[in-house]
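Notes follow once the structure below has been shown.
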Amino acid sequence: MKTNNKLVGVGFLTAIAASLCCITPVLAIITGLSGSLASTFSWLDPFRPYFIGLTVLVFGFAWYQKLRPKNKMSCDCEESGKPKFIQSKFFLAIMTVFTALIMAFPLYSTIFYPKSAKQVIVVDKSDIQTVEFKIGGMTCSDCENPIHHEINKLSGIIKSSVSYRNGDAIVEFDKSKTDIAEIEKAMNSTGYTVTSKKVK
């Protein structure tokens with residue numbers, strides 16, 4: 001029974017490791033901590049499939065241990081009576097569901113980011129500028145969210161798109177209300193780094 005609890009613990013930790021690079025940016029926003037927390041665990045992202053595989057194997061083995069038929073050998077050392085809650089199938093089921101939710105976190109993490117819909121009134125169309133920023137350190141689609149969030153906190157942002165595949169952010173803004181340096185500073189505050197920029 002104790003071995004089963006250890007397996008559940010290991011499975012739970014590997015599930016957290018699998019999604020840690022996506023959980024920390026959300027925690028940074030919810031708690032109001034430094035945005036640089038966002039990319040702290042981005043180095044774990046390439047190992048995510050291995051963590052997920054290990055978690056599935058560990059929980060699969062834990063369920064096998066729990067459901068396999070027990071030998072009906074009489075032994076004075078066997079525990080009698082109902083098992084403790086932490087050793088029950090119900091507890092294992094709760095931990096399995098909770099672990100699955102943690103592993104799937106990147107799929108629904110965007111719901112934790114505040115909506116940044118705002119109206120920007122442009123007085124002079126000649127003030128509209130579009131800049132492409134090349135950004136280093138993004139490893140998955142969830143890395144886009146903290147960058148997008150920080151950009152849209154600035155006034156004068158008309159439109160922005162962030163792509164981890166292209167490793168860039170394209171920002172359209174009113175240069176009378178903000179500037180390239182301010183946008184770059186906002187991006188760098190997330191922990192990801194602007195490596196170059198090009199005015200379009």
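The values are calculated or read from the model by the stated rules, or taken from the named source; none is laboratory data. Just so we're clear, the structure is a prediction, and the values are computed from it rather than from any experiment. Heads up, the Cβs are rebuilt from the backbone with ideal geometry, glycines too, and the neighbour counts pull from every protein chain shown.
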Among (1) surrounded by 15 or more Cβ atoms within 10 Å (Cβ to Cβ); (2) farther than 22 Å from F112 by Cα - the single one N152 does not satisfy: (2)
Which numbered condition T14 misses (of (1) farther than 28 Å from I111 by Cα; (2) modelled with pLDDT of 80 or more; (3) among the hydroxyl-bearing types (S, T, Y)): (1)
Within segment 129-200, strands (runs of 3 or more DSSP E) holding 3 or more residues that are in contact (Cβ under 8 Å) with a residue 40 or more places away in the chain, among the small types (G, A, S) and in the same structural domain as A104 (by TED's automatic domain parsing): none
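Matching residues to (1) under 30 Å from G9 (Cα atoms); (2) at pLDDT below 90; (3) surrounded by 13 or more Cβ atoms within 10 Å (Cβ to Cβ); (4) touching a Pro at 6+ places or on another chain (Cβ under 9 Å):
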| residue | (1), (2), (3), (4) |
| --- | --- |
| P106 | yes, yes, yes, no |
| S109 | yes, yes, yes, yes |
| D124 | no, yes, no, no |
| T130 | no, no, yes, no |
| I135 | no, no, yes, no |
| D142 | yes, yes, yes, yes |
| I158 | no, no, yes, no |
| D168 | no, no, yes, no |
| E184 | no, no, yes, no |
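In segment 44-73, which residues are surrounded by 12 or more Cβ atoms within 10 Å (Cβ to Cβ) and either at pLDDT below 85 or under 22 Å from T193 (Cβ atoms) (or both)?
L44, D45, F47, R48
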Test for P114: is it assigned to a helix (DSSP H, G or I) and modelled with pLDDT under 85: no
